[in-house]
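Peer 1: Please find one structure pasted underneath; my questions will follow.
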Amino acid sequence: MTELVAFLGVSAIVIATPGPDTALTIRNTLMGGRRAGIFTALGVSSGQAIWTLATAAGIAALLAASEPAFLAVKLVGSAYLVWLGLPAILAAVRAHTRPAVRAPRSSSYRQGLLSNLGNPKMAAFFPSLLPQFGGSFSLLLALGLTFCLMTLAWLTAYAIVVARAGDFLSRSAIRRAVEAVTGAVLIALGLRLATEPR
């Protein structure tokens with residue numbers, strides 16, 4: 001029981017620390033509404049579920065140990081974050097206002113999924129966290145899926161709060177400022193990921 005409480009505490013701290021998944025959820029909620037944010041959160045959690053399966057099967061540890069594979073995931077993931085941030089920056093610097101464009105749910109889901117799968121830190125994080133609290137395949141799977149559900153709840157809460165603040169955030173100047181900030185954060189996280197040593 002003590003180990004489970006410790007796992008939940010560590011997980012809560014990690015999940016509440018803002019990163020690429022949080023920035024992407026906020027961006028997609030602003031651009032596509034609450035549903036887009038929730039589908040982004042579902043994509044992120046699905047990516048984590050894949051990392052959970054890979055960890056329980058030992059594949060994530062192999063990826064983290066392989067320098068070329070780790071570097072490839074790192075470069076693809078960082079390029080993807082920059083690619084997601086650029087449209088937000090470009091939209092923010094446009095002089096004219098434009099109506100909000102609703103992103104399809106499948107696009108938001110895919111962005112969340114690819115953002116999480118393209119983060120090589122997940123390949124290192126899950127194999128380093130989960131085995132500390134469980135050794136069997138089923139226990140690793142249960143812990144990982146608990147982490148995924150906690151992430152889904154947290155990011156969904158973000159999407160709901162941002163969507164509720166929609167009237168205020170949809171004002172032209174504020175919307176452009178938020179788009180610029182979230183775009184800059186995604187680009188900065190992508191560049192940091194690309195240049196950060198292992």
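Any read-out appearing in this document is the output of simple, stated calculations on the displayed coordinates, not a laboratory observation. As the structure is a prediction and not an experimental result, all values here were calculated from the model.
Peer 1: In whole percent, what relative contact order does the chain give with Cα contacts below 8 Å and a gap of six or more residues?
Peer 2: About 42 percent, as a whole number.
Peer 1: Also: Provide the gained length on full extension for the span Phe70 to Ala16, in nm with one decimal, where the gain is 0.36 nm per separating residue minus the Cα-Cα distance.
Peer 2: Full-extension gain reported as 16.9 nm.
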